[in-house]
Structure formats: structure tokens, C-alpha cells
1. Can you tell me which residue within the stretch 7-23, out of those that are polar (S, T, N, Q) and within 22 Å of residue 163 (Cα to Cα), is surrounded by the fewest Cβ atoms within 10 Å (Cβ to Cβ)?
2. So how many residues does the stretch 45-58 have that are crowded, with 16+ Cβ neighbours inside 10 Å and not charged (D, E, K, R)?
3. Within the stretch 65-74, identify whether any single residue is farther than 18 Å from residue 143 by Cα and surrounded by fewer than 19 Cβ atoms within 10 Å (Cβ to Cβ), and answer yes or no.
4. Cβ-Cβ under 7 Å, sequence separation 6+ or interchain: first residue in the stretch 139-155 and within 13 Å of residue 59 (Cα to Cα), partner of a type in the set (D, E, K, R) and not in a helix (DSSP H, G or I). Which pairs?
5. Taking helices (runs of 4 or more DSSP H) that do not extend beyond the stretch 4-105, which have at least 3 residues that are farther than 18 Å from residue 173 by Cα and in contact (Cβ under 8 Å) with a residue 60 or more places away in the chain?
6. Which is buried (at least 18 other Cβ atoms within 10 Å of the Cβ), over 10 Å from the mean Cα position of the chain (by Cα) and among the hydrophobic types (A, V, I, L, M, F, W, C), of 94, 61?
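Readers should treat all values here as calculations from the given coordinates under stated rules, not as data from a laboratory. Since we're looking at a predicted model, the values are computed, not measured. Here the Cβ positions follow ideal geometry from the backbone for every residue, glycine too, while neighbour counts run over all protein chains shown.
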Amino acid sequence: MARVPYLDKSDLSAENQELLSRNINLVRALAHSPDGARAFGTLVNFIRFKSRLDPRLREMAILQIGYLTRSPYEYSHHVKLGREFGVADDDLRAIAEETAGRPTKLDRLARTVLRAAREMTLDSAVADETFAALRAELDNEHLLDLVMTIAVYNGVVRLLATLQIDVEPEYQHYLDEFPLPEK
């Protein structure tokens, strides 16, 4: 159960009701801080809609973070979003395999993106070798967009965990289909 109540449009002033245009639990919790919710939304919307990073790679990095941190909310939401942006079911299975250190059929760049997401999540920074491998394949804009994505979503999973945001029932089947590892 969430540590703050989920707000509905009727709980907000008229000028803040647009915050709940996406009626998901995270946004309903963030609406307690309207300006904070707007700032958060601006950054997340840049990552999702304006970043020039390949959307499949972006979603795979976010999924790696959700999987590694065992964040049911983040992971379930991005299984859905990832599919919309080109992440295949084989990619989703490969994230679990890559996390376990087993070989996959992912291309080199996808494997490197997942490794970078794991390193930033577990070690707070991408290792020199991994960064060099990314630099060999991505220009500075794409590289920065990837690093920003990983950094932001590491913050998101911590926000979700601290607020104990519940997975909406309509997202539960994604966790059943692609379960997170046991703690």
C-alpha cells in the first residue's frame, strides 16, 4: 500500500487537474506536489518522446534497471511500453539471461547498453571499458541521452520503492508473463 494517498482529479484544483491526464498510480501520488510532478513529467517526456536514442535501446536500459532492482511497478509498466517501442519478447527474456551472466543472441550494442545500465545501477557509474564500447557505437548526443535515461530511471525506481507505489491490476499480467527474480 502506498505511503501517500493516490489523488483523483476531484482532489486537485482546476489548474492542476491536467496532471492526471495519465491516470496511473505514480502520477496520482506525485500530484501531491504539482510543480514537482510537472518537472518530473518534463524530464520523463523528454526521455520518451524527444531523445534521439533508439527507443528500443532506451526501453531495454529502463527494463534492465527495473529487473535488477526488482521494481514491479517500473518493470511491468516498461514491459508494456517497451513492446510499443520495439522490444521483443526475446529481448525481455535476454535481459534476465544477461543479468545472470549467460550469453544471449542480442547484438553487441544492446548487450553493452544493458551492461551500462547494470553498472550505473549497482556501482553508480559506467566502467571505463563499457563507456569506451558505448562511445565506439554512439555519438555524444546519444551517449548522453542513454546516461541521462539510466540516471533518471535509477531515481524513479527509488521513488517508487520509497513511496511503495502499487502496480495497477491491468499491469499485473506483465509480471506474470515476465517475472522478476526472487529477492
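1. Going through the qualifying residues, I end up with 10.
2. 5
3. yes
4. 145/52
5. Hits in the stretch 4-105: 55-68.
6. 94
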